[in-house]
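Down below is the structure, laid out as structure tokens.
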Amino acid sequence: MPELPEVEALSAYLTEHLVGREIGRIHPVAINVLKTYDPPVTALQGRTVDAVGRRGKFLVISAGDLHLVVHLARAGWLRWQQKLPATPPRPGKGPLALRVQLADDPATGFDLTEAGTQKRLAVYCVTDPEQVPGIARLGPDPLDPAFTAAELHQLLAGEKRQLKGVLRDQSVLAGIGNAYSDEILHAARMSPFKLAARLSEAETATLHAAIGDTLRDAVERSRGLAAGELKAEKKTGLRVHGRTGQPCPVCGDTIREVSFADSSLQYCPTCQTGGKPLADRRLSKLLK
Ligand SMILES: [Zn+2]
């Protein structure tokens, strides 16, 4: 799933390739990805893109007072294309959900695709990005220079949930998902199950630094990469997420996993939990 660093990189890539270009034909192939209908997405046809940006994990392509907002969700992706066929795409079983062609070069544009059956890719055409519910409820952006350790301390005060869940909550912090929350907690040497409200001021400062360093490093690695190369880059840059059974790059201990119904988290016991493996709730539930 693309998170803040990948969407930031996509946004930078599209800023370079799309800003100043006129949008030609727009083909909604899988109608169910469109979450708004007024104005219709085709209202963007004939408009010139003047900015591309990111809000949390949302990509915002702006053309005057209209904005195409994309949430790639778990299996969605954006592919920049330079050899688009002349014939319009047909609805079918393929991954293509929406195609945008450039007016002066219809072979160039981008495809929004979604692999698998989850169907969570969401596209909005709005006159203000704040009209997208997921954007309206976003918490502060962790890469905003104005986001300080003191602000994080305030966000976590009275927070009864565990750090893993809090970091992924878009209304607390915008843009962090399952992968980077694992990476941040590993960098901060904290248990994913630690209660957020229990963090001391010093621990909050450590967590704040880990959030900034982890995300900035990932953005830096992704910068300048073409849209198609981002997924592979994300995988190679991760230290614990998705690396169950492999050695921790910091201490060499074996990276462990806790599974949930629809996701899993990875962590290093030596770095994060005093050497103690966390209980795998799904597994212990099955064993009972
Ligand atoms: Zn370790």
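The values are calculated or read from the model by the stated rules, or taken from the named source; none is laboratory data. Predicted, not measured: the structure shown is a model, and the values here were computed from it. Cβ coordinates were reconstructed from backbone atoms using ideal geometry, including for glycine residues, and neighbour counts include every protein chain displayed. In case anyone asks, the SASA skips ligands and DNA or RNA and just uses the protein heavy atoms, side chains included. Shrake-Rupley method; radii C 1.70, N 1.55, O 1.52, S 1.80 Å.
Dipole size of region 1-144 about its Cα centre, with +1 on Lys/Arg Cβ and -1 on Asp/Glu Cβ: approximately 720 debye, rounded to the nearest 20. For the pair Asp105 and Ala43, a Förster radius of 22 Å applied to the C-beta separation gives a FRET efficiency near 0.55, rounded to the nearest 0.05. In region 27-184, the inverse of the mean reciprocal separation of distinct Cα atoms equals 17.2 Å; this is its Kirkwood hydrodynamic radius.
To put it simply, the accessible area of region 25-139 at a 1.4 Å probe is 51 percent carbon and sulfur.
What's the FRET efficiency of Glu16 with Phe260 using the Cβ-Cβ distance as r and R₀ = 35 Å, to the nearest 0.05? Could you put the intermediate results ahead of the total?
Details: r = 38 Å, r/R0 = 1.09.
FRET efficiency, Glu16 to Phe260: 0.35.
Which of rounded, prolate or oblate describes region 124-250 when judged by the alpha-carbon gyration tensor and an a/c cut-off of 1.5? It is oblate, given that a/c is not under 1.5 and a/b is not larger than b/c.
Between Thr244 and Arg25, what length comes free when the chain is fully extended (0.36 nm per residue of separation minus the Cα-Cα distance, one decimal in nm)? Walk me through the numbers on the way to the answer.
Details: separation 219, 0.36 × 219 = 78.84 nm, distance 4.46 nm.
Length gained, Thr244 through Arg25: 74.4 nm.
According to the calculation over all Cα-Cα pairs in the chain, the P(r) per 10 Å bin from zero is 6, 27, 32, 21, 11, 3, 0 %. When all alpha carbon pairs of region 2-44 are counted in 10 Å bins from zero, the resulting P(r) reads 22, 34, 44, 0 %.
Length gained on full extension, Lys83 to Ala197: 35.8 nm, using 0.36 nm per residue less the C-alpha separation.
Ranked by the mean number of other Cβ atoms within 10 Å of their residues, highest first, the peptides 211-217, 136-142 fall in the order 211-217, 136-142. For region 103-203, the relative contact order comes to 25 percent (Cα pairs under 8 Å, sequence separation of at least 6). Calculated [222 nm] ellipticity per residue, helices only, for the chain: -8500 deg cm²/dmol; basis is -39500 (n - 2.57) per DSSP H run with n ≥ 4, divided by all residues, nearest 500.
Work out how much length Lys119 to Met1 would gain on full extension: take 0.36 nm times their residue separation and subtract the Cα-Cα distance, in nm to one decimal. That works out to 41.2 nm of additional length.
For the chain, the Cβ-based charge dipole about the Cα centre amounts to some 1340 debye (Lys, Arg positive; Asp, Glu negative; other atoms uncharged).
Which three semi-axes in whole Å describe the equivalent ellipsoid of region 207-275, each the square root of 5 times a Cα gyration tensor eigenvalue, listed largest first? Intermediate results must be reported in sequence, preceding the final value.
Values: eigenvalues 112, 47, 28 Å².
In descending order, the three semi-axes are 24, 15, 12 Å.
Give the accessible surface of region 1-78 per residue, rounded to a whole number of Å², with probe radius 1.4 Å and ligands, DNA and RNA excluded.
Working: 2990 Å² over 78 residues.
I get 38 Å² per residue for region 1-78.
Here Ala150 and Cys251 are evaluated by their C-beta separation; at R0 = 25 Å the FRET efficiency comes out at 0.20. Here the ratio of the Cα radius of gyration of region 84-166 to 2.2 N^0.38 Å is 1.68.
Within the straight-line cut-off of under 12 Å between alpha carbons, the aspartates and glutamates reachable from Lys93 are Glu114, sequence neighbours fewer than 8 places apart in one chain being disregarded. Pairwise inverse Cα distances across region 1-111, averaged and inverted, put the Kirkwood hydrodynamic radius at 14.2 Å. Modelled this way, with points 7 Å down the Cα-to-C-beta line, the labels at Asp280 and Asp50 are 5.4 nm from one another.
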